[in-house]
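Student: Just dropping this structure here.
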Amino acid sequence: MNIVIFGPPGAGKGTQSKFIEDKYNLYQLSTGDLLRNEIKNKTSLGNKITSIMNSGELVSDEIVSNLIEKFISNKDYKDKIIFDGYPRTISQAKNLDILLNKYDQKIDIVLKLSVSLETVKKRILARQSEEKRADDNEQVAIKRFKTYEEASKNVIDYYNQSNLLKVINGETSITEINTEISGIIDAIKG
Ligand code: AMP
């Protein structure tokens, strides 16, 4: 089973992906984490993307596509990926279909965590003191939320058309969201 988890920054994508990963023996593929690793390791790619990421803009489709293909092409991860933070645009959604098809795979579920800007701001400010992410401050949080809202409409429509989309209220507690997600996955696994 391959899952896409979708939602604005601070929606709980990382937390919920970790839960799904442990419960269903899948692998979380967070493009944000992969990109942050490049920056941490001071690779040439990392140096190129630092200022883009710190401003809350998206890095190029080509960069993220190359990063995710490494996972999709790896047999260890076949039909076991939770895509966290990808796709973020319609062109990325189409590219993901092409890549998965190339390696004889598909998306089984798209989970959308819905949360308000107010909640996002609160959560990001709380995370700022715990994780010290360079892009976790109120101004950049608002920018990332707006970037998400603009780009996500088309992506949501795209997955809605193929009946893959499940919308989840991301304002409730972590455990309540866990339960809702498990119900959806179990129903599809049969
Ligand atoms: P995230 O950890 O998912 O909130 O991502 C943090 C930052 O990484 C974003 O604000 C973007 O700058 C970059 N990023 C992560 N995933 C993508 C993607 N799929 N496409 C473009 N940029 C991305």
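Student: First measure r as the distance between the Cβ atoms of residue 42 and residue 69, then evaluate 1/(1 + (r/R0)^6) with R0 = 25 Å and state the FRET efficiency to the nearest 0.05. Working shown, then result.
Tutor: Working: r = 23 Å, r/R0 = 0.92.
So, using R0 = 25 Å, E works out to roughly 0.60.
Student: What is the ratio of the Cα radius of gyration of region 87-190 to 2.2 N^0.38 Å, where N is its residue count, to two decimals? Intermediate results must be reported in sequence, preceding the final value.
Tutor: On the way: Rg = 15.8 Å, N = 104, 2.2 N^0.38 = 12.8 Å.
Here the answer is 1.23, to two decimals.
Student: Another question about this same structure. Taking the solvent-accessible surface of protein heavy atoms with a 1.4 Å probe, what is the per residue accessible area of the chain in Å²? Let's see the in-between values first.
Tutor: Details: 9800 Å² over 190 residues.
Spelled out: the 1.4 Å probe surface of the chain, per residue, equals 52 Å².
Student: Related question: Mind checking which lysines have their Cα closer than 16 Å to the Cα of residue 166? Skip sequence neighbours fewer than 8 apart in that chain.
Tutor: Output for residue 166: 13, 112, 153, 189.
Student: Another one. Which residue, 170, 46, 56, has the most motion in a Gaussian network model of the chain that connects Cα atoms within less than 10 Å?
Tutor: Highest fluctuation among the options: 46.
Student: Once you have the alpha carbon radius of gyration of region 1-155, what is it after dividing by 2.2 N^0.38 Å, with N set to its residue count?
Tutor: Numbers: Rg = 15.0 Å, N = 155, 2.2 N^0.38 = 15.0 Å.
Relative to the rule-of-thumb radius for its length, region 1-155 sits at 1.00.
Student: Say a site is exposed when it is one of the trypsin sites (Lys or Arg not before Pro), sits in a DSSP loop, and has at most 11 other Cβ atoms within 10 Å; what is then the longest site-free stretch of the chain? Don't skip to the end; give the middle numbers.
Tutor: On the way: sites that count: 42, 132.
Within the chain, the longest run free of exposed trypsin sites (Lys or Arg not before Pro) spans 43-131.
Student: Please identify which residues in region 152-190 have an amide N closer than 13 Å to a label point set 7 Å out from the Cα of residue 122, following the Cα→Cβ vector.
Tutor: Only 170-174 fall inside the zone, counting backbone N under 13 Å.
Student: Sequence neighbours fewer than 8 away in the same chain don't count; with that in mind, list the aspartates and glutamates whose C-alpha is under 18 Å from residue 70.
Tutor: Filter leaves 33, 38, 61, 62, 79, 84, 97, 104.
Student: Just to be sure I understand: with springs between alpha-carbon atoms less than 10 Å apart, which residue in 175, 50, 147 has the highest mean-square fluctuation in the Gaussian network model of the chain?
Tutor: Taking springs between Cα atoms under 10 Å, the residue moving most is 175.
Student: Let me ask you something else. Any number yet on Rg/Rh for region 1-91, C-alpha, Kirkwood? List each step's numbers first, then the result.
Tutor: Details: Rg = 13.2 Å, Rh = 13.8 Å.
Radius of gyration over Kirkwood radius for region 1-91 works out to 0.96.
Student: How far, in nm, would the chain grow between residue 149 and residue 167 when pulled straight, counting 0.36 nm per residue and subtracting the alpha carbon separation? Intermediate values should be presented prior to the final figure.
Tutor: Numbers: separation 18, 0.36 × 18 = 6.48 nm, distance 1.49 nm.
Separation in residues times 0.36 nm, less the Cα-Cα distance, equals 5.0 nm.
Student: Still on this structure, please answer the following. Considering only protein heavy atoms and a probe of 1.4 Å, how much of the accessible area of the chain is carbon and sulfur, as a whole percent?
Tutor: Working: 4830 of 9800 Å².
Ligands and nucleic acids excluded, carbon and sulfur give 49 percent.
Student: Name the residues whose placed amide hydrogens come within less than 5 Å of the amide hydrogen of residue 167, ignoring near sequence neighbours (fewer than 5 apart) on the same chain.
Tutor: Close amide H contacts, sequence-distant or interchain: 112.
Student: Now for a separate question. What is the distance in Å between the Cα centroid of region 1-39 and that of region 59-130?
Tutor: Spelled out, the Cα-based centre of one part sits 7 Å from the other.
Student: Sticking with this one: Provide the gained length on full extension for the span residue 101 to residue 15, in nm with one decimal, where the gain is 0.36 nm per separating residue minus the Cα-Cα distance. All intermediate terms of the calculation are to be shown ahead of the outcome.
Tutor: Working: separation 86, 0.36 × 86 = 30.96 nm, distance 2.80 nm.
Fully extending the segment from residue 101 to residue 15 adds 28.2 nm.
The values are calculated or read from the model by the stated rules, or taken from the named source; none is laboratory data. Since we're looking at a predicted model, the values are computed, not measured. Glycine also receives a Cβ, built like all others from the backbone with ideal geometry; neighbour counts cover every protein chain displayed. Heads up: the accessible areas ignore ligands, DNA and RNA and are worked out on the full protein's heavy atoms, side chains in. Shrake-Rupley method; radii C 1.70, N 1.55, O 1.52, S 1.80 Å.
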